[in-house]
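Read through the structure below, which is laid out as structure tokens, and then see the notes.
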Amino acid sequence: MLAVVDEICPDKKKDFEDISLSARTCVRRTEELGNNLMQQLKEKINSFNFFSLAMDESTDVCDTAQLLIFIRGIDDDFNVYEELADLCSLKGTTTGEDLFKSIDKSLNNLGFEWKKLVSVTTDGGKNMSGSNKGVVGRIKKKMLQNDYEIPMNFHCIIHQEALCCKVFACQEVMSVVISSINFIRKNEVRWLSRGAALKRFFDLRLEIEMFMNEKNKIVSELSDESWILELAFLTDITTFLNELNIKLQGKGKLLSDMYTDIKSFQNSFQVDINNVKNNLQMEVIKLQNDEVLKNSFREATSLPQFYSCLPISTFPGIRQFAQKLIAAFASTYICEQTFSIVKYRKSKHSSRLSDEHLRAVLRVSTTNLQADIENLTNKLQAQKSH
């Protein structure tokens, strides 16, 4: 850095010399940033009307099971906060009981009120989604014991969609396609890329047949009309499913966003009043007959923005219902995304990274909050690098 400064801005060299970049200093700074963000999250918690959890578990490079817990909370003004609640490192077994104890301890340390929990989103593992001994089942039991409303629970829709792809494999077609691709060029075809691979194969089927014949590798299916029709159908459907998979991914996705990608979303102005809960029917009738609010709905850039403008005195039930749905995690995408950071940050080259430091790194990497840099720097005394 100093060599660059000499060339670009030599008058600023003194400022750069005062920056401490030792390994220990960088570690302390990361710890301080993580602690500051953690304290901010604790303060935000008090303003949450409802919150939901997204959880997933994976193993790092040191074979340590890491449980990610993300929280999504919403306040009176429909501000949504999506933050890392904790990273729990499990050194022993990873049963549903082990996971639940870690989750319970983490949330209690943060000051969460379990009665405000409205939904839980997990992957399909039995230790997570099991209705009796899994995390979901144990959370339900805790809620019942305290006479709280049972939260919604979701098996991540992206996982379900991926499983549908695998079930709908059409092995007779795929086996020929994969063997042909591997003969031309060794290339393991993964499911997320099969739509693209099938489309390229279909578009080049005549050229592929000529090439295979030249190499005395006869593929009779390439001249079979019924097989070609099956290939065309599989190409179309896998391309569609892969496009859907991409749409379902993304940080901050609402359940309604994902529902819209799968089916045209039916909004409050179109819903059949007979399908609405009794305690909300009168409010929905008022909403459907209010032309001003209809225009507000058309002009709103998001559902949270629209529902936040509804008068509390007139639509308390609808506002609360909307808050619960908006607070819910639509998928565990944020966990999958964060595990990619874990893999990068705690690699074979930095396997000694402690669980505490990994937690701080992830909190800084994933937060939407702004660390109070000014307050942190005022407490520090600069030391020059050597």
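What follows draws every value from the coordinates through simple rules; no lab data is involved. These numbers come from a predicted model, not from an experiment. We place every Cβ from the backbone using ideal geometry, glycine too, and count neighbours over all the protein chains shown.
What does the extension gain come out to for Ser179 and Asp6, with contour length at 0.36 nm per residue minus their alpha carbon separation?
Difference between extended and current length: 56.5 nm.
With a/c under 1.5 counting as rounded, go ahead and sort the stretch 327-374 into rounded, prolate or oblate using the C-alpha gyration tensor (a ≥ b ≥ c being the square roots of the eigenvalues; past the cut-off, prolate if a/b is larger than b/c, else oblate). Oblate, since a/c reaches 1.5 and b/c is not below a/b. If you take the Cα centroid of the stretch 80-154 and the Cα centroid of the stretch 307-384, the two points sit 18 Å apart. Using the average count of surrounding beta-carbon atoms within 10 Å as a protection proxy, the listed peptides 98-104, 273-279 rank, highest first, as 98-104, 273-279. Computed over the stretch 1-152, the alpha-carbon pair-distance distribution with 10 angstrom bins reads 10, 31, 27, 14, 11, 6, 2, each value a whole percent. If you average the alpha carbon positions of the stretch 1-30 and of the stretch 213-228, how far apart do those two centres end up, in angstrom? Result: 64 Å between the Cα centres. Give the residues of the stretch 46-66 whose amide nitrogen is closer than 19 Å to a point set 7 Å from the Cα of Asp104 in the direction of its Cβ. Output list for this probe position: 53-56. Peptide packing: for 55-65, 6-16, 116-126, 310-320, the average count of neighbouring Cβ atoms within 10 Å per residue gives the ranking 116-126, 55-65, 310-320, 6-16, highest mean first.
Students often forget the sequence filter, so: which aspartates and glutamates lie under 18 Å Cα-Cα from Lys133 once same-chain residues fewer than 8 apart are removed? Output for Lys133: Asp56, Glu57, Glu97, Asp98, Asp104, Asp123. Amide H contacts for Asn153 (H built 1.01 Å from N in the peptide plane; partners 5 or more residues away or on another chain; cut-off under 5 Å): Val120. By the scheme Lys and Arg +1, Asp and Glu -1, what is the net charge of all other residues having a beta-carbon under 13 Å from that of Thr30? Around Thr30, the surrounding residues sum to +3.
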